[in-house]
Amino acid sequence: MLTRGADRKARQGGAWRKAMSSLQMLPLLLLLHMQLSKAFPLPPQHNEEKNIKIVQNYLEKFYQLPKSRSQSTRMHSNSVIVEKLKEMQQFFGLNVTGKPNEETLEMMQKPRCGVPDSREFMLTPGNPKWPHNNLTYRIINYTPQLSQADVEAAIKKALQVWSDASPLKFTISQGKADINFAFVQRVHGDNSPFDGPNGILAHAFQPGQGIGGDVHFDAEETWTKTYKNYNLFLVAAHELGHSLGLSHSSDPGALMYPNYAFSDPSTYSLPQDDINGIQAIYGPSDSPVQPTGPSTPTACDPRLTFDAITTLRGEILFFKDKYFWRRHPQLQSVDLSFISLFWPSLPSGIQAAYEDVDRDLVFLFKGNQYWALSGYDIQQGYPKDISDYGFPSNVRAIDAAVSYRAKTYFFVNDQFWRYDNQRQSMEPGYPKSIASTFQGIESRVDAVFQQNHFFLFFSGRRYYAFDLNGRRVTRVDRSIRWLNCR
């Protein structure tokens, strides 16, 4: 999944360009300043000089905006800058405006890999590949932040991610190897210096002789085997994609997506986009049963169902697998994000969620555990066991939950419980049949939230608007309507 590494040879030209001297850069910066200022206004809350530098550097590094002084007047015209911005916005699924608006500038400042971007999975320019499927690897040195065994296990697992999806086989070597792994820092002899903590995490080189295929990790980063800081397995797996010939993917759920985000290594499965990519180079796996991986959900897929839904301070969050969509009442777009980008310690596959408006808390459930959020901060002391609510021992998971007028409704199979938020106890007389109380809700409830005296029940691909005053279903429609789909 995602790294901030930089694959030198995967870039067009095969090497990092050296920084231009200050005398060379001055005319270009002045020209770009004038062109950007004329082309469009920058958001007032950002410093204009800083934004100009961000746009210039980003488009030069990742979208081939030329640096050449001799071409600057012609190439840095309004139209070229606008077209490069549109290309970048399209890649990341932003509104394609050709303007450095706030969401574009925010994306440009996110941690990412140094390889130029391309749509879907893409082979490295020139389509390099290893001429043989039996590859050797060697770990040159280690990081003191992890044990030698942990480093070896992370790299072995990263290699297995790719070997399981292809005919490639990897064997460790004590001598010369096809792929070498090393922890290095700053200037380390490959014209691609690292920048210290919290910058570029790693880079890799396309298949080939010498340094080809090698992976370098920034030794100054904090490497872990958990969700904290930077997980070595995830970074290694991404960089190995470059080592084998893949460039970046615009699929936000793909391993080869440019930006870093955590995903639980213990349950990690190579996404289908990456499987398609590696098999496009080396062919199908030798396994008699071809591997398949998860696909990133798309908002307007008519087959889409939700795992859980909750409100949060006016927004609506729709959970699906390891993702969630954010719908803001004043915005037309609905953003897809990783759960781990907001809450690295949360699991994927949240099963139920509700907002307690009076306490300004959101509660998330999976299995027999639940977490409390204040805004986007997980509260201390969690996760806790759902038995705290007073459920009987046979209830080990919640299907859906919603809070209304100091009462919380929990839906499990074809029944529901009602909890008194003020007394913090389950009310007597429950569980009750869902169908008997919420007439018209006959199927199992996947998710539910409350809005304007309605409970919005989601079951499969449809939702049901239940009028709490009239005690009846007044509207049935497709679930994806809530993601602004027709």
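Summary of computed values
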| read-out | value |
| --- | --- |
| Entirely in segment 278-348, the strands (runs of 3 or more DSSP E) that have 2 or more residues that are at pLDDT 95 or above and within 30 Å of GLN160 (Cβ to Cβ) | 315-320, 323-327 |
| Pairs with Cβ under 9 Å, 6+ apart, first in segment 143-161 and assigned to a helix (DSSP H, G or I), second acidic (Asp, Glu) | ALA158/GLU239; VAL161/ASP274 |
| Yes/no for GLY196 being modelled with pLDDT under 95, out of contact with any Phe, Trp or Tyr (no Cβ under 8 Å at 6 or more places or on another chain), open to solvent by 10 Å² or more (accessible area, probe 1.4 Å) and not hydrophobic (A, V, I, L, M, F, W, C) | no |
| So SER243, is it closer than 21 Å to PHE62 by Cα, out of contact with any His (no Cβ under 6 Å at 6 or more places or on another chain) and open to solvent by 20 Å² or more (accessible area, probe 1.4 Å) | no |
| Strands (runs of 3 or more DSSP E) wholly inside segment 426-486 that include at least 3 residues being at pLDDT 95 or above and within 27 Å of the chain's Cα centre (by Cα) | 447-451 |
| Check on ALA406, in contact with a strand residue (DSSP E or B) (Cβ under 8 Å, 6 or more places away or on another chain) and on the phi > 0 side of the Ramachandran plot | yes |
| Among (1) hydrophobic (A, V, I, L, M, F, W, C); (2) at pLDDT 95 or above; (3) open to solvent by 20 Å² or more (accessible area, probe 1.4 Å); (4) not in a strand (DSSP E or B), the one test that ALA177 misses | (3) |
| Meets criteria (at pLDDT 95 or above and open to solvent by 10 Å² or more (accessible area, probe 1.4 Å)) for TYR376 | no |
| Number of the condition not met by ASP335 [criteria: (1) open to solvent by 50 Å² or more (accessible area, probe 1.4 Å); (2) in contact with a Phe, Trp or Tyr (Cβ under 8 Å, 6 or more places away or on another chain); (3) under 22 Å from ASP399 (Cα atoms)] | (3) |
| Considering residues of segment 431-451 that are more than 22 Å from LEU364 (Cα to Cα) and not hydroxyl-bearing (Ser, Thr, Tyr) only, the residue surrounded by the most Cβ atoms within 10 Å (Cβ to Cβ) | PHE438 |
| Selection from segment 338-360 of residues that are under 20 Å from the mean Cα position of the chain (by Cα) and either open to solvent by 30 Å² or more (accessible area, probe 1.4 Å) or hydroxyl-bearing (Ser, Thr, Tyr) (or both) | SER340, LEU341, PHE342, PRO344, SER345, PRO347, SER348, GLN351 |
| Number of the condition not met by SER269 [criteria: (1) open to solvent by 10 Å² or more (accessible area, probe 1.4 Å); (2) of a type outside the set (Lys, Arg); (3) touching a residue at least 40 places away in the same chain (Cβ under 8 Å); (4) closer than 21 Å to GLN290 by Cα] | (3) |
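The values are calculated or read from the model by the stated rules, or taken from the named source; none is laboratory data. Being a predicted model, the structure only gives us computed values, none of them experimental. All Cβ positions, even for glycine, are placed from backbone atoms using ideal geometry, and neighbour counts span all protein chains on display. SASA here: full protein model, heavy atoms, side chains in, ligands and nucleic acids out. Shrake-Rupley method; radii C 1.70, N 1.55, O 1.52, S 1.80 Å.
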